[in-house]
Amino acid sequence: MLFTSYGFIGSVLILFVLYYTIPKRLRPALLLIFSLIIYGMADVRYLIYIGISVVTVWYAALGIEKNNKTIKDYIKQHKTEMSATERKAYKKLKGRKSLLFFLAGLFINLGILAVVKYSGFVVSGIWHILSSGTDGVPKIPDMLVPLGISFYTFQSLGYLIDVYRENIDAEHSLPRYALFITFFPQLVQGPINRYEDLAPTLLTPHDADFNVISRGLQRILWGYFKKLVIADRLLMGVTTLIGDTSLYRGGYVLVMMLFYTLELYADFTGGIDITIGIAETLGISMKENFIRPYLSTSLADYWRRWHISMCSWFRDYVFYPVSTSNASIRLSKWARKHISDSAGGKLPVYLSSFVVWACTGIWHGASLNFLVWGLLNFLVLTISEELSPLYDRFHKRFLFSESFPYHVFMILRTFVLICVLNLFDCFTDVRDTLGLLGSIFTRGSFSSMEKGALLGIGLGVSDYVIAVIALIAVLTVSIIEEKYDSSIRDMIRRRPYVFRFAIWTCLFLATIIFGVYGIGYDSSQFIYNRF
C-alpha cells in the first residue's frame, strides 16, 4: 500500500523539504508532478484513466462557462430590444449547448467508471434474470480498475456539476485543475473534496509555519497508530474468520462482526488522518471526513458522522436533484390526490433516499451484497423516520430516556446495528451472510468456542492486550473530543512543552514498537482503496 510503504514515507519526507525550499510559484507544479509519480508508481496505466477524466471534465467546464458568459453578454447588450419572453426563450435555446458540454463530461466519466468497475456485475445480473439463474454466465475479461477511481470520478463530477449550476467559476488552468484532482493524499481513498473548499489553500502556496507543520505531523502519527497498531493487527483475525465460514460460525460470527467493524474504523479513519495530516503539513486545509461516528446514538446520526464527504456528495448531487425532479413532483401530486397529504410529502423523499442508498451501495462495490447493504440502511432509516413520533412521545413520557445510562444504551444499540450491517461488506453471497447471522441464534452456536478458541485465529494473547489498550486510547480520545467539542491536538497544545513532548513521543514509540510490520513488510491495503 502506498501510504504504508517505506518508499512512500521516504518520498513524502523529501517532498516536505523540497516544498518549503523552492520558490512559492513552483510549489503547485512540484505537487502535481509528485502526485502523478506517486499514483503512477502503483501502475503507470492508471495515469491514462485519470488523464482522460481530468482533460474531459476541465474542457467541458470551460465550455459551459464560456457558453453561459456568451448568453449573459448577448442578453445584456440587447436588454432593451428583447422582451422577458424572448430573453427566456434565448437562454433556453443557447443553454442547450451548456447542457451538451455537461452531459458529455458526465457520460464519459461515468461511462469509464461503469465499464471498468460494473460491467461484470451488470452482465451477470442480466444473464441470471434471462436464464432463470442457470449456470454459464458469460465471462467478462478482467479490466484494470484504477486505484480510487470512484473517489476521483465523484470529485471531478462534483466540480462539473457546480460549474454547470454556476456555483463556482471554472478553473482555466489545466495544471491547476489537474492538481485539484490528482493531489496525492486524497487520490486513493478520499475524502471527496469540493473545489471551493480545497482550491484556496491547495493552489496558494504558504510560508513554512512550525505550528501548522507540527499539527500535521501529529495527525499523521495518530493515523499510523490506528492503522498499524489496531487495524492491521485485527486484520489477521478477521482474515481467518472470514476465510472459513464453515468452521467459524455461531459465536465466532459475533467476534467477526466486532473485529471487522473496529478494523474498518481504525483503517479508514487512520487513512484519512494521514491524508489530512499530510495536507496540513503543506499548509493545505481539508474538511473532516469523520466526527466520532461510533459515538452515534442512531443510524441517521452515524451517517452524519461517517464518511461525511461521500454522504454530502450524494445529498447534494443525487438526493436533491431527484427529490425536486419533475417525476418526484408528479408523484407527490398523485399521492396527495389518491392517498393523503402526508404521503404526498413523504413519497418523493423516500424515493430519493432509495435511489441514494442504492447508488451508495453500488458505489462501494460491484456485487449484490453491497446493494443489499445500501438498501438495508435505507430500510432502517425509513422505519426510524416513520416511528419518530413514537420516539418523541416515549422520550417525553419517560424521563430516564434523558439519562446518561440511556444515552450509553443508544450508542451501544447503534454500534450493534452497524456491526450487523457491516457483515454484508464481508461476503458477496447474501444468502451465506444471512446464514451466518442465523447461526448466532441456533442451538449450540457457542459450543465450538472452547477455552482458548480465540487464540487459534491468528492472534496471540499479546495481540489482544495491545489491541484492547490501543482501542481504549482511541475511545478515550473520542469521548474527550465529544465532551469538549474540540480537537485533542488543540488541548495538548495548550499544555506545557514537556507534557506535549512526552505524549507525542509515547505515541511514536507505541506505533514503532507495537505496529504490525517487520523486515520485508508489505502492509495490507487500506480497505477503501478498492472503491
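Looking only at region 141-154, filter to residues that are closer than 19 Å to Ile278 by Cα and not in a loop (DSSP other than H, G, I, E, B); which one of those is farthest from the chain's Cα centre (by Cα)? If we take residues in region 141-154 being closer than 19 Å to Ile278 by Cα and not in a loop (DSSP other than H, G, I, E, B), then Tyr152 is farthest from the chain's Cα centre (by Cα).
Restricting attention to region 19-62, the residues that are without any contact (Cβ under 8 Å) to a residue 60 or more places away in the chain and in contact with an Asp or Glu (Cβ under 8 Å, 6 or more places away or on another chain) add up to 0.
One residue alone among Arg315, Arg336 is under 30 Å from Asp267 (Cα atoms), in contact with a helix residue (DSSP H, G or I) (Cβ under 9 Å, 6 or more places away or on another chain) and not acidic (Asp, Glu), and that residue is Arg315.
Do you know which of the residues in region 195-206 that are in contact with a helix residue (DSSP H, G or I) (Cβ under 9 Å, 6 or more places away or on another chain) and touching a residue at least 40 places away in the same chain (Cβ under 8 Å) is surrounded by the fewest Cβ atoms within 10 Å (Cβ to Cβ)? Among those residues, the one meeting the criterion is His206.
For (1) in contact (Cβ under 8 Å) with a residue 24 or more places away in the chain; (2) open to solvent by 40 Å² or more (accessible area, probe 1.4 Å); (3) outside any helix (DSSP H, G or I); (4) not polar (S, T, N, Q), each residue gets a yes or a no:
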{"position": "Pro348", "(1), (2), (3), (4)": "yes, no, no, yes"}
{"position": "Ser353", "(1), (2), (3), (4)": "yes, no, no, no"}
{"position": "Val356", "(1), (2), (3), (4)": "yes, no, no, yes"}
{"position": "Cys359", "(1), (2), (3), (4)": "yes, yes, no, yes"}
{"position": "Leu375", "(1), (2), (3), (4)": "no, yes, no, yes"}
{"position": "Thr382", "(1), (2), (3), (4)": "yes, no, no, no"}
{"position": "Phe394", "(1), (2), (3), (4)": "no, yes, no, yes"}
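Of all residues in region 157-209, those satisfying the criterion of being of a type in the set (Gly, Ala, Ser) and either outside any loop (DSSP other than H, G, I, E, B) or at negative phi (or both) are Gly158, Ala170, Ser173, Ala178, Ala199, Ala208. His407 falls short on exactly one of the conditions (1) part of a helix (DSSP H, G or I); (2) under 26 Å from Gly237 (Cα atoms); (3) open to solvent by 30 Å² or more (accessible area, probe 1.4 Å); (4) touching a residue at least 12 places away in the same chain (Cβ under 8 Å), and that condition is (2).
Of all the criteria given as (1) in contact with a Leu (Cβ under 7 Å, 6 or more places away or on another chain); (2) surrounded by 23 or more Cβ atoms within 10 Å (Cβ to Cβ); (3) modelled with pLDDT under 95, the one not satisfied by Arg249 is (2).
Taking the criterion of being aliphatic (A, V, I, L, M), under 30 Å from Asp432 (Cα atoms) and modelled with pLDDT of 90 or more, the residues of region 323-371 that qualify are Leu351, Val355, Val356, Ala358, Ile362, Leu371. Sub-8 Å Cβ pairs linking a first residue in region 483-505 that is more than 17 Å from Asn211 (Cβ to Cβ) to a second residue that is open to solvent by less than 40 Å² (accessible area, probe 1.4 Å), at least 6 apart or interchain, are Tyr484/Met491, ordered by first then second residue. Taking (1) surrounded by 20 or more Cβ atoms within 10 Å (Cβ to Cβ); (2) polar (S, T, N, Q); (3) over 19 Å from Leu187 (Cβ atoms) in turn, Ser298 satisfies each apart from (1). On inspection, Gly460 fails the criterion of being closer than 30 Å to Val372 by Cα and out of contact with any Gly (no Cβ under 7 Å at 6 or more places or on another chain). Of the residues making up region 324-346, those that are open to solvent by 40 Å² or more (accessible area, probe 1.4 Å) and part of a helix (DSSP H, G or I) number 13. If the condition is being closer than 20 Å to Gly243 by Cα and among the β-branched types (Val, Ile, Thr), then region 448-482 contributes only Ile457. Every condition in (1) more than 30 Å from Leu18 (Cα to Cα); (2) of a type in the set (Phe, Trp, Tyr); (3) surrounded by 20 or more Cβ atoms within 10 Å (Cβ to Cβ) holds for Phe268 except the one numbered (1).
The values are calculated or read from the model by the stated rules, or taken from the named source; none is laboratory data. It should be emphasised that the depicted structure is a prediction, and the values quoted were computed from it without experimental measurement. Cβ: placed from backbone, ideal geometry, glycine included. Neighbour counts: every protein chain shown. Accessible surface is based on the protein model in full, side chains and every heavy atom, while ligands, DNA and RNA are left aside. Shrake-Rupley method; radii C 1.70, N 1.55, O 1.52, S 1.80 Å.
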